[in-house]
Amino acid sequence: MNNKLLMLIFSITIILLLSSLSGCIHIDFGEPFKPEESEPTEYRIVQKEGFPISHTFDIMVSIDPTHSDTQPILVKKNTEWVNISIDVVINDFRFINNSPIENYSLLDRYVDVIIDDPDGEEYYNKHFTETDEVKRQLSTPAPGPWVVKVEAVGLGYEDTKDSYRIDVIANEPV
């Protein structure tokens, strides 16, 4: 009976030992499939480098009434929006007498603004022939260098001058 009792005690001990050790090794097969937890992105509104670009025509300074400019807008990854403000002033010089402007009164004055996306595709194109103000917003724009191109012909005399101004601000990650 001693052997049977010892065998019973030994068997119960082994069963208790095995049951206490089971589950000690933890394998979680779902871990690799959990989405990454990222910290919320902090944003700030900034004026883009190189902007505003502008030009005021003054016939007394330069006899050449043409002007052109090209400026990239460097858009960061995850930028929420980019606001582009275009202000064009093309004056009516018909009533200015005895000025150097009379010699240019038939000149075709304009401001052409073209904006290309990072792939070089034309996003915006406008030919201004009179005073105007345009606001454009790029929502979640593609990252990379957008390009603003301006071609303009204008005149200026004393306090009456053709001009343009393009300003760019963005809400981008810090």
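The values are calculated or read from the model by the stated rules, or taken from the named source; none is laboratory data. None of these values were measured; they are calculated from a predicted model. As a convention, Cβ positions derive from the backbone with ideal geometry for all residues, glycine included, and neighbour counts pool all protein chains shown.
Scanning the range 135-167 for residues that are over 14 Å from Ile90 (Cα atoms) and of a type in the set (Val, Ile, Thr) turns up Thr140, Val147, Val148, Val150, Ile166. The one condition from (1) closer than 23 Å to Pro65 by Cα; (2) modelled with pLDDT of 95 or more; (3) aliphatic (A, V, I, L, M) that Val134 does not meet is (1).
Among residues that are surrounded by fewer than 14 Cβ atoms within 10 Å (Cβ to Cβ), farther than 13 Å from Thr79 by Cβ and β-branched (Val, Ile, Thr), Thr129 is included.
Could you look through the range 142-162, keep only residues that are modelled with pLDDT of 95 or more and buried (at least 20 other Cβ atoms within 10 Å of the Cβ), and pick out the one that is nearest to Leu107 (Cα to Cα)? Among residues in the range 142-162 that are modelled with pLDDT of 95 or more and buried (at least 20 other Cβ atoms within 10 Å of the Cβ), the one nearest to Leu107 (Cα to Cα) is Ala152. Would you confirm whether or not the range 46-53 contains a residue that is of a type in the set (Phe, Trp, Tyr), surrounded by 10 or more Cβ atoms within 10 Å (Cβ to Cβ), assigned to a loop (DSSP other than H, G, I, E, B) and modelled with pLDDT of 65 or more? The answer is yes, given that some residue of the range 46-53 is of a type in the set (Phe, Trp, Tyr), surrounded by 10 or more Cβ atoms within 10 Å (Cβ to Cβ), assigned to a loop (DSSP other than H, G, I, E, B) and modelled with pLDDT of 65 or more.
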